[in-house]
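To keep things clear, I will list the structure first and then write my remarks on it.
The values are calculated or read from the model by the stated rules, or taken from the named source; none is laboratory data. Since the structure is predicted, the reported quantities are computational estimates derived from the model, not experimental observations. Note that each Cβ is placed from the backbone with ideal geometry, even for glycine, and that neighbours are counted across all protein chains shown.
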Amino acid sequence: MRWAFRLFVVTACSACLLGCAKLPTGASATSEPAATGTPEGGQRLEADVLVLGSEPEAIAAAVAAAEEGAKTILVTKHQRMGGLLVVSEMNSLDVGPGPMRPKGLFGKWWRMVGGGSAYDIRVAEQAFDRMLETAGVQVIRGAKELSPLVEAKQVVGAKVGGTLIRAKQIVDGTSEADFAAAAGAPFTLGWNSMGYDARMADTLVFRIDHVNWDAMRRHIAQKGASYAKADGRAAWGFFGRKWITDYKSKEPGIRLRGLNLGRQNDGTVLVNALLIHGIAPFDPASVREGRERAKREAERIVATIRKDIPGYERATLGSVAEELYVRETRHLQAMHIVTFDEALDNLVTDQAIAAGNYPMDVQVLTPNDTGFVYGAPKYYGIPLGATVPKSGPALWVVGKCAGYDPIVHSSARVVPTGMVVAEAVGVAAARCAKSGLAPQAAVNDKRFVADLRTRLKARGAAIPPVGKSRLGPASHPAFDAYRVMMSRGLATGGYGNDPKLNETISSQSFGYILANVLTRFHANPQGAKVAAGSLAGDTSKLTTDKACKGMAAAAKAMGISVGSDWASLAAAGLAPKGSPPSGNWTRGDAYRMAAALALRK
């Protein structure tokens, strides 16, 4: 169920009533137990900090704000707390290694659920409830309709049914930043900002009954790590790969990826492996249809697992998650957008209030690709400005929809990172509620950010030191061109941050590169067909003559009349200065020429 969001404009009279309102009996201050339930219609509540959503990031923000002394209310459409990790049952955790391993409130919750790579869903839910109760957050569950409350063109709270909640600070921790979007915050969708109409596939997690986990572990131990890996709670890998890559779904738009398995305390196993394409994420009918497709296919996947993996001979489909695991929708146009360049430079400024350290691992975008690993940062800073819209409402946004470009999003979207950022925002919101600063003003206040970093360290958060350490072959003559290509997702570095710039490529591959440049940099899909067609089917190694032929065709498709020789292309700024490469061209050579086309105005 998606929340319905509408703007609710406060008149001077109703604003006065809100300003004079008292918390009703049962509403909590920070020293009292959390109050839960749905408020009666016509109530008027006040808060220092209002948090929307039940995602782990919303919970972290609310708990942090309350711990810092702010009267905090959390409102959610759900009855259960935990969002992705509970309602969507995505029970495997991506916790990066090293000195910037997520700590703080995430670390506290993680220890409560066992500190492993997977956990029991019910235990996770209880841990979230306990954190909220201990902090004294007032929780309003089951909100069917929630609207931004607007006064003098500013969002000052929310309307929950007939109840008005006025707050000094507002944090959107909903899964898709629905509240901020309804309030007018600017967003892009999926990979649109990179000239590509796509987003990562969705997943329906399903549960398998009657599994012999120990038998599976013994089989994995015999096969070795290249087959799969497992411990007492989690198992992951391709389990021989071939049966997964050869799997043909009966339902349209369904694929399998490597299995992520999480054992529950009752012996059942949760499976994160089913990829769903073709869902319009903001169309409830499309979401329902996609979920039903996946549910039907899950029966067949279990039958396949039953035949191929020892320990699953008696396996049956138990149930499916209440909601889909949605990897990507909106990207906030924030005061600061964290870019792939910053991540690959391990850049940390004095504005950073958290660190990301998970690989930039983009799951499949289309039915035809297998995903992309763009690089593996050691750690990079996430500035406070990444959580505040560059224009529009004065509020904060936490979770996967915060200010990350689509490539960095694949790293920063993981829950451990999201909870660390959200804790920082919760502390910031509490301080702003006390001082009267708006979020945008707080981001621009160097003293505020410096004091916030100090406070977060005192709370046990891992705050990265200021610095920069560039990854990849920075001294290579094609390095800058490689980064230009990556700016639209057209080059990858893998887990080793090696773009293989010295490897030779085929002529046909260069044609595809040029075609993608025309599509993603210049929004010219018709020209892309011309560029790809100029070298289609030519699997021989790329040479200067063929590169010039392809470039001239691409230029013509852009309305640039130029000869198909090196000198003419160089004179037109469509080839690097100097002599052309001799012999077979490398990927680096191809990127340098393609970058000239990409940057052509």
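Residues that are crowded, with 21+ Cβ neighbours inside 10 Å and assigned to a loop (DSSP other than H, G, I, E, B) within the stretch 360-375 comprise just one, 365.
Being farther than 18 Å from residue 450 by Cα, of a type in the set (Ser, Thr, Tyr) and either in the same structural domain as residue 279 (by TED's automatic domain parsing) or under 16 Å from the mean Cα position of the chain (by Cα) (or both) is the filter here, so list the residues in the stretch 352-385 that pass it. Steps first, please.
Taking the stretch 352-385 first, the residues farther than 18 Å from residue 450 by Cα are 356-379.
Filter once more, keeping what is of a type in the set (Ser, Thr, Tyr): 358, 366, 370, 374, 379.
Once the filter is applied, which keeps residues that are farther than 18 Å from residue 450 by Cα, of a type in the set (Ser, Thr, Tyr) and either in the same structural domain as residue 279 (by TED's automatic domain parsing) or under 16 Å from the mean Cα position of the chain (by Cα) (or both), the stretch 352-385 yields 358, 374.
Every test in (1) closer than 23 Å to residue 84 by Cα; (2) touching a Pro at 6+ places or on another chain (Cβ under 8 Å); (3) hydrophobic (A, V, I, L, M, F, W, C) is passed by residue 194 save one, and that test is (1). Does residue 483 qualify as being among the charged types (D, E, K, R), crowded, with 19+ Cβ neighbours inside 10 Å, part of a loop (DSSP other than H, G, I, E, B) and within 28 Å of the chain's Cα centre (by Cα)? Taking the combined requirement at face value, the residue does not satisfy it. Of all residues in the stretch 268-286, those that are at positive phi have Cβ atoms under 9 Å from Cβ atoms of residues that are surrounded by fewer than 21 Cβ atoms within 10 Å (Cβ to Cβ) and at pLDDT 95 or above, 6 or more apart or on another chain, in 278/252; 278/253; 278/286; 278/289. In summary, residue 256 fulfils each of the numbered conditions (1) part of a strand (DSSP E or B); (2) surrounded by 24 or more Cβ atoms within 10 Å (Cβ to Cβ) with the single exception of condition (2). Within the stretch 538-546, one or more residues are under 42 Å from the mean Cα position of the chain (by Cα), hydroxyl-bearing (Ser, Thr, Tyr) and assigned to a helix (DSSP H, G or I).
The set of residues from the stretch 144-178 being surrounded by 20 or more Cβ atoms within 10 Å (Cβ to Cβ) and among the hydrophobic types (A, V, I, L, M, F, W, C) comprises 146, 149, 155, 156, 158, 160, 164, 165, 167, 170, 171, 177.
For the stretch 216-234, state whether one or more residues are free of Cβ contacts under 8 Å to residues at least 60 places away in the same chain and not assigned by TED's automatic domain parsing to the domain that holds residue 274. No: zero hits.
Right, residue 134: of a type in the set (Ser, Thr, Tyr) and either assigned to a strand (DSSP E or B) or touching a strand residue (DSSP E or B) at 6+ places or on another chain (Cβ under 8 Å) (or both) or not?
Details: of a type in the set (Ser, Thr, Tyr): yes; either assigned to a strand (DSSP E or B) or touching a strand residue (DSSP E or B) at 6+ places or on another chain (Cβ under 8 Å) (or both): no.
Spelling it out, it is not the case that residue 134 is of a type in the set (Ser, Thr, Tyr) and either assigned to a strand (DSSP E or B) or touching a strand residue (DSSP E or B) at 6+ places or on another chain (Cβ under 8 Å) (or both).
Whether any residue in the stretch 463-470 is under 22 Å from the mean Cα position of the chain (by Cα), farther than 22 Å from residue 186 by Cβ and at pLDDT below 95 is what I want to check. Yes, the stretch 463-470 contains at least one residue that is under 22 Å from the mean Cα position of the chain (by Cα), farther than 22 Å from residue 186 by Cβ and at pLDDT below 95. Taken as a whole, the stretch 287-310 holds at least one residue that is surrounded by 20 or more Cβ atoms within 10 Å (Cβ to Cβ) and in contact with a helix residue (DSSP H, G or I) (Cβ under 7 Å, 6 or more places away or on another chain). Only one of the listed residues (539, 586) is polar (S, T, N, Q) and in contact (Cβ under 8 Å) with a residue 40 or more places away in the chain. That residue is 586. Test residue 116 against the criterion of being over 29 Å from residue 289 (Cβ atoms), surrounded by 23 or more Cβ atoms within 10 Å (Cβ to Cβ) and not assigned by TED's automatic domain parsing to the domain that holds residue 278, and give yes or no. Spelling it out, it is not the case that residue 116 is over 29 Å from residue 289 (Cβ atoms), surrounded by 23 or more Cβ atoms within 10 Å (Cβ to Cβ) and not assigned by TED's automatic domain parsing to the domain that holds residue 278. All of (1) assigned to a loop (DSSP other than H, G, I, E, B); (2) without any contact (Cβ under 8 Å) to a residue 40 or more places away in the chain; (3) not polar (S, T, N, Q) hold for residue 306 with one exception: (1).
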